[in-house]
1. Can you tell me how many residues within the stretch 354-389 are touching a residue at least 40 places away in the same chain (Cβ under 8 Å) and not in a helix (DSSP H, G or I)?
2. Identify all residues within the stretch 56-70 that are in contact with a helix residue (DSSP H, G or I) (Cβ under 8 Å, 6 or more places away or on another chain) and either over 27 Å from ALA104 (Cα atoms) or crowded, with 19+ Cβ neighbours inside 10 Å (or both); write none if there are none.
3. When you look at MET10, is it assigned by TED's automatic domain parsing to the domain that holds ARG76, on the phi < 0 side of the Ramachandran plot, buried (at least 18 other Cβ atoms within 10 Å of the Cβ) and in contact (Cβ under 8 Å) with a residue 60 or more places away in the chain, yes or no?
4. Please work out if VAL151 is within 26 Å of GLY222 (Cα to Cα), touching a strand residue (DSSP E or B) at 6+ places or on another chain (Cβ under 6 Å) and modelled with pLDDT of 85 or more.
5. (1) surrounded by 15 or more Cβ atoms within 10 Å (Cβ to Cβ); (2) at pLDDT 95 or above: which one isn't true of GLY53, the others all being true?
6. Please indicate, with yes or no, whether at least one residue in the stretch 338-347 is over 24 Å from the mean Cα position of the chain (by Cα) and in a loop (DSSP other than H, G, I, E, B).
7. Can THR439 be described as modelled with pLDDT of 95 or more and among the β-branched types (Val, Ile, Thr)?
8. In a helix (DSSP H, G or I) and under 28 Å from TYR229 (Cα atoms): which single residue out of ALA104, ALA71 fits that description?
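The values are calculated or read from the model by the stated rules, or taken from the named source; none is laboratory data. Fair warning: this is a prediction, and the values are worked out from it, not measured in the lab. Glycine gets a Cβ as well: all are built from the backbone with ideal geometry, and neighbour counts include every protein chain shown.
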Amino acid sequence: MYLLGVQLVMWHDGKDWHAAEDVCPHRLAPMSEGRVEADGTLMCSYHGWRFDGDGKVLDIPQATSEEMERARQNERSCLRGVRPVQTIHNVVWVWGERDGDADAFLRASNTPAKTFDELLTTTGHADGWSMRDLPYGWEYFMENVSDSSHVPVSHHGIVGNRDDAKPFRWIEDKEACDPDKNFDLKFKIDPPGAVEAENVEASHHFLPPCLMRIETVKSGGGKSLLALYCTPTKPGHSRLIGTTVTCPNDDGTMPGGFGPMAKMASIVPTFFMHIFGTAFINQDGVFLHHQEQNMAEQYRLRGEDWHKSCYLPTKVDKMNVAFRRWMDKHGAKSEDVGSRVPYEPEAPPLPPRMSDEELFDVYNSHTKNCTACSAASKNLAKARITFYIASAALAIAGAAVWAVAASSSPHSAASAFYKKCTFGSVLWIFSALSAFIGTVAANLREKLHYFPYSHQDNN
């Protein structure tokens with residue numbers, strides 16, 4: 001995986017996660033092509049060098065005892081850019097700075113992960129985590145989730161209706177922000193029911209560098225929370241790790257919003273919920289990828305950043321403006337990628353525009369890295385073949401029964417003839433049902449690999 005343009009290798013030694021730059025110090029082969037040995041060490045599959053969780057070389061098979069001792073004393077034998085790692089609530093957190101010295105490890109150990117009480121306690125129902133590699137940069141994801149006004153329009157048919165778009169304003173909640181950190185942003189929607197009628201309060205809380213916490217308090221006393229963590233992987237790409245948390249109403253019932261989804265998650269297969277998530281993400285993705293490309297083009301051609309390229313006349317844009325100003329103040333500036341994300345110098349340039357086939361590729365962006373969806377893809381492929389074979393076999397068997405009935409002696413009992421015909425018809429019905437199930441399995445599997453979306457067709 002990438003972090004700020006640097007490719008990392010991550011491995012689990014049986015107890016803890018570890019991270020370092022994805023390059024062997026010997027001949028610069030990728031460590032991600034290596035193996036985790038039974039003792040938890042990471043082995044380079046090129047020449048067999050083995051490293052511990054701190055990146056120190058433990059064994060070089062081709063070295064004599066004297067050469068091995070000299071290598072252990074030389075820091076050039078160690079993995080580069082070892083990063084401090086934490087695991088909280090089943091999410092792995094990697095320190096962003098590449099200099100893995102003692103000061104970095106001390107700062108990392110004293111820096112709590114960006115989380116919140118409802119996520120770590122039993123006060124709410126937290127769904128499982130979902131991961132997605134996105135075909136656009138970190139700042140465009142964060143800008144998008146800072147904007148509630150797009151929800152009924154972009155997500156028409158899934159969340160709201162495009163005809164329900166209406167004016168509202170953002171109110172900055174300075175009291176809720178960390179007074180020691182001037183880049184902590186929280187805004188409330190006024191009126192709170194502008195997006196959903198039952199909302200008593202709705203707020204977006206941006207907690208740099210990675211978390212957008214979206215909270216809606218419902219009329220029954222419950223609330224829905226959306227935890228969206230986004231990692232700046234490399235220019236033009238980011239990684240989303242998200243979950244929903246639903247806190248019950250005062251009477252114990254689940255509120256609207258994510259409440260019904262929380263109930264569904266307990267009975268609906270995980271992969272099916274992820275297919276629903278793909279539809280939701282693709283509704284925005286087709287905009288955000290091209291928005292990033294357009295913004296970069298404006299900067300290259302005219303030297304214009306968001307101040308001049310974008311026209312923002314309404315109060316609903318206030319949080320987007322606040323986020324962009326935060327980026328102006330605290331971000332870096334890389335003219336090569338048109339971004340204020342502080343990518344490392346070796347980060348690749350912004351890639352060219354993607355085709356629809358690339359934009360809507362679900363397998364590489366999610367399925368291959370998701371245990372539930374990758375297993376479902378394999379099982380659905382098996383189900384498709386099994387039911388198609390069963391359909392063909394039942395159709396042939398039904399035809400055979402009808403053929404036997406048709407060739408029966410005219411002196412045969414009428415009841416026997418009708419029984420054969422009825423049995424043959426039943427076999428054909430089951431053949432059609434098997435074909436239908438096989439087709440459903442094929443269509444579901446297709447959505448785990450490629451899921452195109454067209455707003456023009458979303459009526």
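1. So the count comes out to 5.
2. VAL57, ILE60, ALA63 - these are the residues of the stretch 56-70 that are in contact with a helix residue (DSSP H, G or I) (Cβ under 8 Å, 6 or more places away or on another chain) and either over 27 Å from ALA104 (Cα atoms) or crowded, with 19+ Cβ neighbours inside 10 Å (or both).
3. Criteria met by MET10.
4. No: the conditions fail for VAL151.
5. Here GLY53 clears every test but (2).
6. The answer is yes, given that some residue of the stretch 338-347 is over 24 Å from the mean Cα position of the chain (by Cα) and in a loop (DSSP other than H, G, I, E, B).
7. Criteria met by THR439.
8. Selected residue: ALA104, the only one of ALA104, ALA71 that is in a helix (DSSP H, G or I) and under 28 Å from TYR229 (Cα atoms).
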